[in-house]
Amino acid sequence: MKGSGPYPSSGHINSPGDGQNLVTEDVTVVEGEVATISCKVRNSDDSVIQLLNPNRQTIYFRDFRPLKDSRFQLVNFSSSELRVSLTNVSISDEGRYFCQLYTDPPQEYFMTITVLVPPRNLRIEAQKETTVEGEEIELNCTSLASRPPTVIRWFKGNKELFGKTEEEQWSDMFTVTSRLSLKVKREDDGVAVVCQVDHPAVKDLQTKYYLDVMYKPEVQVLQNSPAQPLTREGDLLDLLCQVKGKPEPTDVSWLRVDDEMPQHVIVSGSNLHINSLNKSDNGTYRCKASNEVGMSFSDYTLYVYDTTATTEPAVHGFTQLPNSAEELDYGDLSDSRAGEESAITAVDHAVIGGVVAVVVFAMLCLLIILGRYFARHKGTYFTHEAKGADDAADADTAIINAEGGQNNSEEKKEYFI
């Protein structure tokens, strides 16, 4: 027995034991479609074939239809087959159908019609329509009145998510609900969460829910001018505060950290403008933005050089800092402006050269001090001259005088440097 549409028969052929000539086949059909019921006879001897419904009412006796249900129509009749179609199948048509063959003794066998009911509705409901980044949202996907029960799957992009499923049965129908909990980030704003149903009666049945995530502003300071790496006295400075958030930030302001804003600074909305820089403008300038979710800021550190300067210190540039511990996960730190990398490299080389020069000078001083110390303590020698030797009349007298006066001789010392 066969069913029309994408879900034909299950392919289970029923055949009685040896000596029986009837062959039937089970049918699986989607509600509202057409089922084909077939009674086949092997080794036919022209015996009468009869088809009965689950209530054992005769649908067809040979090619005659005593039942007044016009949904049953004869498709084929011969001595070896009785084939009948049943249109607009409903749940009430499900059950066993019997084929009878009037032989001696009579033969009877049955086939089963199974009716599939696709889900009548598929919907996603959110616990709340709008969610703040970092919060958890709960989504419920419900599949109504299906048979058999559906299998619900969740997807976000190419990633499959897993929820908790509950199943309820009403009469012969099943309602399935899957509950998904999801922690959202700002990147999830506008992303579709898909609820997909797996059921033998339908294919590619799904519904989508688009996440609506609110998040505090993302702030970034951009330098439009000057274009060169250095900001020198007399230059023009033009900064732009670029802000993105949901809802759109309504309060964007500039301030100077730990000092008052110079009077000649022009602030217009998200722009900060200085016509002619001087060293009194040195400092950190902060752009702040806020919305209903929170506040964020980004800092720009300004260092003004002489007109002859060719390098800049590493402190010059942009810095974006979180204004609270909660912003550490979402505050982006901006790099120094373009061109600063070469200036930092130059400063590093100068520092290294200075350190090497100091070390060499210290070593030379140490060597000089050590040389003087060892020379002063190299040693001494003593000379003893006999007094009165020059006045002696002869050599013997001189020797005697020298021996006698040796104890009184003066010690003479000489030092070599």
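The values are calculated or read from the model by the stated rules, or taken from the named source; none is laboratory data. Source: prediction; values computed, not measured. Methodologically, a virtual Cβ is constructed for each residue, glycine included, from the backbone with ideal geometry; neighbour enumeration extends over all protein chains shown. Keep in mind that these areas ignore ligands, DNA and RNA; they rest on the heavy atoms of the full protein, side chains included. Shrake-Rupley method; radii C 1.70, N 1.55, O 1.52, S 1.80 Å.
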In whole Å, what is the distance between the alpha-carbon centres of the stretch 97-143 and the stretch 189-228?
32 Å
Given charges at Cβ of Lys, Arg, Asp, Glu: the stretch 22-116 dipole, positive-most of Val30, Phe64, Val89:
Phe64
Accessible-area composition of the stretch 216-302, carbon plus sulfur, in percent [1.4 Å probe]
44 percent
In debye, nearest 20, what is the charge dipole magnitude of the stretch 120-211 about its Cα centre with +1 on Lys and Arg Cβ and -1 on Asp and Glu Cβ, if you could check?
220 debye
Taking r as the C-beta separation of Asn282 and Trp170 and R0 as 51 Å, the FRET efficiency to the nearest 0.05 is 0.10
Kindly provide log₁₀ I(q)/I(0) values, in the same order as q = 0.09, 0.14 Å⁻¹, from the Debye equation applied to equal alpha-carbon scatterers of the stretch 16-161.
-0.45, -0.72
How much of Glu260 can a 1.4 Å solvent probe reach, expressed as accessible area in Å² and rounded to 10?
150 Å²
Share (percent) of C-alpha pair distances in the stretch 155-211 greater than 13 Å works out to 70 percent
For labels at Thr130 and Val191 in the simple 7 Å Cα→Cβ model, what's the distance in nm?
2.1 nm
When the label point is put 7 Å from the Cα of Glu233 along its Cα-to-beta-carbon vector, which residues of the stretch 262-286 have a backbone N closer than 15 Å?
276-282
Given H placed on each backbone N at 1.01 Å, which residues far from Ile59 in sequence or on other chains put an amide H within less than 5 Å of it?
Leu51, Leu52, Asn53
Flagged as over-length at 31 Å C-alpha distance, from Lys156/Lys288; Lys156/Lys216; Lys185/Lys279; Lys156/Lys246; Lys164/Lys203, the pairs are Lys156/Lys288; Lys185/Lys279
With every protein chain kept in place and ligands, DNA and RNA left out, what is the accessible area per residue of the stretch 120-211? Probe 1.4 Å, answer in Å².
57 Å²
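Top to bottom by accessible area (1.4 Å), largest first, where do Thr175, Thr231, Thr308 land?
Working: Thr175 25, Thr231 0, Thr308 115 Å².
Ranked from most to least accessible, the order is Thr308, Thr175, Thr231.
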Starting from the 7 Å offset along Cα-to-Cβ, what nm value, one decimal, do you get for the label separation of Leu205 and Glu160?
1.9 nm
Sites Val351 and Lys244 - FRET efficiency at Förster radius 30 Å, r taken between beta-carbons, to 0.05:
0.20
From the protein chains alone at 1.4 Å, what is the descending order of accessible area for Lys159, Lys185, largest first?
Lys159, Lys185
Over the alpha-carbon set of the stretch 160-304, work out the extent along each principal axis and list the three values in angstrom, largest first.
85, 27, 21
Given backbone amide H placed at 1.01 Å from N, residues whose amide H is under 5 Å from that of Glu108, ignoring those fewer than 5 places away on the same chain, are Leu101
Taking only the alpha carbons of the stretch 53-134, the radius of gyration and the largest Cα-Cα distance, Dmax, both in angstrom, are 22.3, 80
Exposure rank, largest accessible area first [Met295, Met111; 1.4 Å]:
Met295, Met111
